[in-house]
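> First, the structure itself, so that you have it in front of you.
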Amino acid sequence: MNTTSCSSSVAHSDHWLGLQHTAPDPAAEIRYEHAHRAVTDVLPTASAIAAHVRRMILRAVQHAAEAGILQYLIVTPGNLVFSRDTPSGESIYQLAASFLGADHEHVRVLTISSDPAYPAIGHVRSSTKGVLTAGGRDVTDAAAVLPAARAEFKPSLPTCVILPNTMQYMGDEQDPAAYVATLMAPMPPKSRLVLTHGTSDSASRGIVGSLTGIYADAGLPMHFRTALDVANIAMAGGLTLMTPGVVSVQQWHASQYDHRRTPVTVLGCVAEQPT
């Protein structure tokens, strides 16, 4: 399977999300930094938008923990930085544990990444029991992701699967909906999918075209999709969209949001495995 669209450059270029990666060579490092600066020029609110994405993911984790979910699977092309407001394995563990009371010792968080710096299975920058990573995987291949999850999670327990902007680096020819269907098929009822995705619905054609060109020049094709496209991906395999459906990450279960200050360029949603 072609892995170009989820290469290491995703992690570096998308580091507003808290993603980092050591570039494979100096030339790649220059390309990634150039892309970062160019995106900021085109979309000065990029950092604020990414902060909304992070907060939406953490709110979704809170909702999952309140529903009693103990297992969390993060599938990302990059290397999630452990920080207080970034949806890394460490922060997700801490947030989920804080809502699970006596069950907090049973929380498991597994991050699967294409970053080869991650070990096969092990603890990375965390001494917390239950926080695990699996690196060097082809995250564009759901079948390659599942064995690590099977090895670390109890198959009978619901799992919250988190795809932080991951699908926008897969082209239509890679069939993101089929990917989600394969990834979620073995998950038991009440499992959840948390999905964020760049959108072409509300951003101007000029911004979308510029961003697409910048990432393509960096060797990273990016695919903006409509809310309907994102909904079809999220509901693949029979998943059910949870309220409020596919909305801006600013709006998803947030007490306050203001589209006027931060353009809506990323959508978010949560879908559930039916009983």
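All of the numbers you see were taken from the coordinates with simple rules; none came from a lab. Predicted model, so just to flag it, every value in this text is computed and none were measured. Positions of Cβ are generated from backbone atoms using ideal geometry, with glycine treated the same way; all protein chains shown enter the neighbour counts.
> Hey, fewest Cβ within 10 Å first, where do VAL208, VAL249 land in order?
Fewest to most other Cβ atoms nearby, the residues stand as VAL208, VAL249.
> Output ³J(HN,Hα) for the stretch 140-150: one whole-Hz value per residue in order, computed from phi by the Karplus curve 6.51 cos²θ - 1.76 cosθ + 1.60 with θ = phi - 60°, and x for Gly and Pro.
Couplings: 7, 10, 4, 5, 7, 7, 4, x, 5, 5, 4 Hz.
> Ordered by residue, what ³J(HN,Hα) values in Hz, to whole numbers, does the stretch 38-47 give under the Karplus form 6.51 cos²θ - 1.76 cosθ + 1.60, where θ = phi - 60° and Gly and Pro are x?
Values per residue, Gly and Pro as x: 5, 5, 4, 5, 6, 10, x, 8, 4, 5 Hz.
> Moving on. What is the set of long-range amide H partners of THR111 at a cut-off below 5 Å, with H atoms built 1.01 Å from backbone N?
ILE74, LEU132, THR133, ALA134
> With 10 angstrom as the radius, rank GLU173, GLU33, GLU105 by how many other C-beta atoms surround their C-beta, starting from the fewest.
So the ranking, lowest neighbour count to highest, is GLU173, GLU105, GLU33.
> Want the number for THR45 to ALA144: 0.36 nm per residue separation, take away the alpha-carbon distance, what's left?
32.1 nm
> How far is it, in nm, from the label point at THR212 to the one at THR240 when both lie 7 Å from their Cα along the line to the Cβ?
3.6 nm
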